[in-house]
Each structure stands twice: as C-alpha cells, then as structure tokens.
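The values are calculated or read from the model by the stated rules, or taken from the named source; none is laboratory data. Remember, it's a predicted structure, so these values are computed and weren't measured experimentally. All Cβ positions, glycine included, derive from the backbone under ideal geometry; neighbour counts span all protein chains shown.
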Amino acid sequence: MWSIGELAEHAGVTVKTVRFYSDRGLLPEAGRSGGGHRRYGPEALDRLRLIRSLRTLDLPVTEVGRVLEQEDALEDVVAGRLRELGSQLAALRWREAALQLLQDCTPEERADRLRLIGAVGTPPSTAALARFWRAWLPPRLPARLVSVVVDHAVPQPPAAPAPEQVLAFARLHAFASGPCPGTGRPVARRPEPDYRPDVLFDGLIEAYALAAPDVRAARPPREGEALDCFVSAHARARGARDTPAFRRALSSQLAAEPRIDDYWRLTAVVRASPDPTPGAADAWLCAALGSGSGQTALVSAALHPHADECPSTSRSEGSAQVRRSEA
C-alpha cells in the first residue's frame, strides 16, 4: 500500500495531480491509514499512467472517465477527438490562407477582402450557398433531384485552401447571401400544367455527364449525343418533339447571364478540379446548340433569371444549375 506521496513519486507526478484525479473518481483509493490518509495499491500506478497518456492526447477528464469505465469506449472517444482536431485544423488552414490573402494585396484591395472574409465563418459553411440554390429551384422538383443539384452546385471548401480559393469562396458566399434586387421568384404569366421539371433535370444531368469529356478536353462545341440528350430533355419536359424549329426557338431563349457565369467561374476556382462544373458543361451545350441551329452561339451557365416568364420553348424551370437569380 502506497501513500499519496509514494504513488506520486513512482508515477513521476505531483501529489496535487494524484489528488486531482482521486477527487474526480478516476483513481480509486485502496483504503485509508489509521490517521485517515489515502492509500493506493500497485494497480493504481498503471491506472495513473493510463490517465496521463489519455490526458496527453488532450482528452477531457469526462472522456478519460468513459475510457476507464467502459472497455469499448476508447475507439469512440478517439474517433470523436479526431473529428474535432480535423475541424480545428481546417479552421487554422483557412485562417492561414486568409491571412496570406490579406498580406499579398494592395492597401486598396484590403478593405474589400476583409469585408468578404469577415462574412464567412471559420471553418466556412456552405449553408448560404445551399439555401440560394434551394430557393431558386422549381417548387415541383422532387427532393432527390434537389439534393443532386445542390450537391453539384455547392462547392465544398478545400481542407487546405490556397489564398485564391479563400477569396473565391468568400465571393460566392457574398453572391448567395447578399441583398440583390430582383431576386424574388417570378410569377408565371403562362402556367404550364403539363410541364415536367423532373424530366428536364434528369435529362440535363445526363447531358452534362455526356458533355464532360469534351469540356475537359477543351474540344469545340459540336453536335452529338450530349447535345441530343440536352435538347431532348427540354422537349420531353414540355411534351414537345426535338425538331429543327424547336432547336432554333430553344437556342434563341438561352441567353447568357454574366453574374451566374461568374458563380461557376468562382466555383471552378474553389474546386480546383479538372472535372468541369455543371455550368461549364451547360455553356458548352448551349454553344453547340447555337452553332448547330444556325443561330449565334449563346453561351449560358444556367437558366435565364426570368425563366418562369419565358414562352414554353424557354429553359424555364430547368438546367441542372438554375439561372433564376438576378443577384
């Protein structure tokens, strides 16, 4: 039986440390001396060393208690701690890149960058971008397609961002959350009771996948399977047929929207991936449609902002990434 001082000496800690863990029930006493002093058995040394090892990993005292009392708790505690550290490291890397962004700019740029960065949390959240897209998607779109569109449209902040990625994400956040005139949902002038936004979005997702290899390889827009799928999606959504007249009418309705084009450009910077964004695929297909129908190539990255107000040959509520916003 060891006294508290002897146990502390064997473990290489202070008496205060032993008393601290004893008072919190992590280090049970084996008994008391005749004078009421604490006494510990040899097993207390192994327990104390285990406690110190767990505390060295910065586990809270409560979590240390779980590990000591439950044999299978260590795995869960370690996994939870790793998640916390991952979040902390992501926040630190984001702050580091943000500081570099401020360091490597002119005094004139610094105030604007501070404003943009300050509006984004650390680590950054994609909630504002997801809300933006959910608000502009067709109200009749099935939940599964809403989820797919949001997943493709909202870029995840990189774990170790470069300064330019921090700036691009901050600008996306400002675009999606800032007050913008004319962003109210348009009121349809011509209701289309037979319109099928689910058919349109399903078809566009397939068309974007078909166009991706050409976009990735920087091939010129051209007719082919991807364009046929693209046009067919628009036609089937309205119960129409893919005819030269339909293609000409559709091409004339697909006008570019520079602000949503800028969204996709910033998204590409944040992702830093060779895979094209849906906006890039959409632009390629619109250019192919314009060239193939004899019209001027109209490059767009999503829907026209007033799609609900367009005639039935417009892209009204569809494209895997929607250009409803005037933000």
*Filter result for the condition that a residue is touching a residue at least 24 places away in the same chain (Cβ under 8 Å), touching a Leu at 6+ places or on another chain (Cβ under 8 Å) and under 14 Å from Trp94 (Cβ atoms), over Val120, Val149, Val166, Val154*: Val166
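Conditions (1) under 25 Å from Ser125 (Cβ atoms); (2) at pLDDT below 90; (3) surrounded by fewer than 13 Cβ atoms within 10 Å (Cβ to Cβ), marked per residue:
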{"position": "Val64", "(1), (2), (3)": "no, no, no"}
{"position": "Val67", "(1), (2), (3)": "no, no, no"}
{"position": "Val77", "(1), (2), (3)": "no, no, no"}
{"position": "Gly80", "(1), (2), (3)": "yes, no, yes"}
{"position": "Leu85", "(1), (2), (3)": "yes, no, yes"}
{"position": "Arg93", "(1), (2), (3)": "yes, no, no"}
{"position": "Leu99", "(1), (2), (3)": "yes, no, no"}
{"position": "Leu102", "(1), (2), (3)": "yes, no, no"}
{"position": "Glu108", "(1), (2), (3)": "no, yes, yes"}
*Quick one: would you say Ala209 is out of contact with any Ser or Thr (no Cβ under 8 Å at 6 or more places or on another chain) and crowded, with 20+ Cβ neighbours inside 10 Å?*
no
_Please count how many residues of segment 126-161 are under 13 Å from the mean Cα position of the chain (by Cα) and part of a loop (DSSP other than H, G, I, E, B)._
7
_Residues that are within 36 Å of the chain's Cα centre (by Cα), at least 3 per element: which helices (runs of 4 or more DSSP H) completely within segment 8-112 meet that?_
43-56, 61-69, 73-103
